[in-house]
Amino acid sequence: METRGLEPVPDSERTGRVRTLFPTWVGANLTVLLLTMGAGLVVFNGLNFWQVLAVAIAAPVVSFGLVGLVSIAGKQGGAPGMALSRAVFGQRGNLLPGALIWIARWGWETVNAVTGGYALLAVLDLLFSIESDNTLIMATLLVFVGSSFLVSGLGVRALRVCCTWSAYLFGGFSLLVLIDLIGRTEWRDVLDRPAGPTAMMIAGVGTLAAGGISWVPTGPDFARYLPRTASGRAMIVATVGGAGIVFLPMVLMGSVMAVATPGLAVTQDPVSFIGPLLPGWLSVPYLLIAVVGMVLINAMSMYSAGFTAQTLGFMIPRAWAVGVNAAISLFLGSLLMMTAGFLDSFVSFLTLLAVTFSAWIGVFGVDQLRGRTYDPAALLDTTPASAYWYTGGFAVTAVTAWTVGLVVGLLFTGVEWFSGPLAATWIGRHGLGWAATIAVSAALYAILPRPAGRERPEGVAPLHF
């Protein structure tokens, strides 16, 4: 079990390898929701096969390129992302983005847990024709959350092992699904579809990339055991490659399936929807592997959320901090499953909070490109004596840029019960509010002076690729 929390990893323990990032980010994308998103590109965006191919390549390059770039800070500072963020925003200022990112993360963990619970119910129905009731629903939710907590509580090594093996299994079964799909598809219907508007391709990239953006603050969490000499370029390539090798086939399969079964684009339960589309010998193992993939996604999110909880002042060991998230997602998952009509409103609320990821990325990314070094002692010192105390605990320019970027993002955001005044503009309609948020926060922070700290970096090299 990993016992290290926020404290930076000493050089003597930096024994990781860049290649381990590849299966890690494969595991972060093992979700059948990509099939639904691929179907949506055909049904709602009106794209043809070749346009979907272009979108499926561009989206992970954009989003996980940012994940890889920010991950470099992890191997430089040896600490989790939200701990390194203290150097940028100040010891108190970091509580602002940290709190909102934490809420957004446990919220999405809750939604994923509910989806995983229903996925288990779908598998039980396919295998044993068991009808669900409240008791069984709660049991599947408990199994899903408990499994996520177990893996994330054990720590980064357990996550790496599980991600590696699940990548092999999911990849193998996805190849079988792909072969079956190729044989049963009317390819003339697929390839003869007319091309959709270029604007809809841009919108598709925005929609698919938005999910990957939420992983950016967690990138350093999985790179902090890498030696300082690890190649930044190799880290970015491994991160983008791990995500892309899942994105490309899954999104394309979803788009092909949607030609014959457009209902895939609107289903809220893609697991039970996909089951009948596959042969019996393939559907059950494939769906079981899909459930495992969702468990790993939740486990990775909980792992990072545990660090975020510690930066917010939860003075408890890392595994117990992970348990806080598990308990919250279990409680909220129970409410979601028992409260009809609440899920859509809850997802809308989380969509608004997710803008905070983009505002944080803009500020942290520019700070990193400026050649930030990290003082290990100052990262953990939350008193006024810390080199990262700045002005009353706040790095005013960073907090200002983050706040302005956040407000701009909300202006372009439209959800079920909230619509910003700019949500109907081209940027808002094409799901690019997150991009506008990053651009504004990054540009503002770039032109503002960075507050001078009193760092005492210990053998930290400047940013290099």
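The values are calculated or read from the model by the stated rules, or taken from the named source; none is laboratory data. Source: prediction; values computed, not measured. Note: ideal-geometry Cβ built from the backbone for every residue, glycine included; neighbour counts use all protein chains shown. With ligands, DNA and RNA removed, areas are computed over all heavy atoms of the protein, side chains included. Shrake-Rupley method; radii C 1.70, N 1.55, O 1.52, S 1.80 Å.
Taking the Cα atoms only, what angle lies between the long axis of helix 198-213 and the longest principal axis of the chain, rounded to 10 degrees?
The angle comes out near 60 degrees.
Hey, what's the per residue convex hull volume over the C-alpha atoms of region 1-143, in cubic angstrom?
Working: hull volume 29.2 nm³, N = 143.
Here the figure is 204 Å³ per residue.
Can you list the residues, at least 5 places off or on another chain, whose amide H is less than 5 Å from the amide H of residue 90, using H built in the peptide plane?
For residue 90, whose amide H was placed from the backbone, the distant partners under 5 Å are 395.
Where does the chain land on Rg(C-alpha)/(2.2 N^0.38 Å)? Spell out each step's value before the answer.
Values: Rg = 21.6 Å, N = 465, 2.2 N^0.38 = 22.7 Å.
So the Cα radius of gyration is 0.95 times the expected 2.2 N^0.38 Å.
Provide Rg over Rh for region 106-211; use the alpha carbon set for both Rg and the Kirkwood Rh (inverse mean inverse pair distance).
Values: Rg = 19.0 Å, Rh = 17.7 Å.
Rg divided by Rh gives 1.07.
What are the residues whose amide H is under 5 Å from the amide H of residue 414, where those residues sit 5 or more places off or on another chain and H is modelled from the backbone?
420
So for region 1-131, taking the charge dipole from beta-carbon charges (+1 Lys/Arg, -1 Asp/Glu), which of 119, 93, 43 sits furthest toward the positive end?
Value computed over the given set: 93.
Report, to the nearest whole %, how much of the accessible area of the chain belongs to carbon and sulfur atoms, 1.4 Å probe, protein only.
On the way: 12540 of 17980 Å².
C and S atoms contribute 70 percent here.
Going by alpha carbons, how many degrees (0 to 90, nearest 10) lie between the helix axis of 156-184 and the longest principal axis of the chain?
Once rounded, the angle reads 30 degrees.
Can you give me the angle between helix 49-77 and the longest principal axis of the chain, using Cα atoms only, in degrees from 0 to 90, rounded to the nearest 10?
30 degrees
What are the ³J(HN,Hα) values, in whole Hz, obtained from phi via the Karplus relation 6.51 cos²θ - 1.76 cosθ + 1.60 with θ = phi - 60°, for each residue of region 142-155 in sequence order, with x given for Gly and Pro?
So the Karplus estimates, Gly and Pro as x, are 5, 4, 5, 5, x, 5, 4, 5, 4, 5, 5, x, 5, x Hz.
Where does each of 69, 33 land when they are ordered by accessible area, with a 1.4 Å probe and the largest first?
On the way: 69 35, 33 70 Å².
Ranking 69, 33 by accessible area, largest first, yields 33, 69.
To the nearest 10 square angstrom, what accessible area does residue 292 show with a 1.4 Å probe?
About 70 Å², ignoring ligands and nucleic acids.
Using the C-alpha gyration tensor of region 1-82, what are the square roots of 5 times its eigenvalues, in whole angstrom, with the largest one first?
Details: eigenvalues 254, 34, 23 Å².
For region 1-82, the semi-axes come out at 36, 13, 11 Å.
If you rank 193, 17 by how much accessible surface each has, with a 1.4 Å probe, what is the order from largest down? It would help to have the intermediate numbers written out before the result.
Values: 193 75, 17 125 Å².
Descending accessible area places them as 17, 193.
Only sites in a loop by DSSP and with at most 15 other Cβ atoms within 10 Å count here; which trypsin sites (Lys or Arg not before Pro) in region 177-245 make the cut?
Values: sites: 184, 188, 224, 228, 233; in loops: 224, 228.
Here the trypsin sites (Lys or Arg not before Pro) that fit, given the DSSP loop and packing criteria, are 228.
With no solvent and one equal point scatterer per Cα, compute the Debye intensity ratio I(q)/I(0) for region 50-122 at 0.11, 0.15, 0.22, 0.26 Å⁻¹ and report its log10, rounded to two decimals.
-0.49, -0.81, -1.00, -1.06
The chain: longest stretch without exposed GluC sites (Glu not before Pro) (DSSP loop, at most 11 other Cβ within 10 Å), sites themselves excluded? Each step should come with its number before you reach the end.
Numbers: sites that count: 131, 186.
The longest such stretch corresponds to 187-465.
Can you list residues from other chains, or at least 5 along the same chain, whose modelled amide H is less than 5 Å from the amide H of residue 391?
When sequence neighbours closer than 5 places are left aside, the close amide H contacts are 396.
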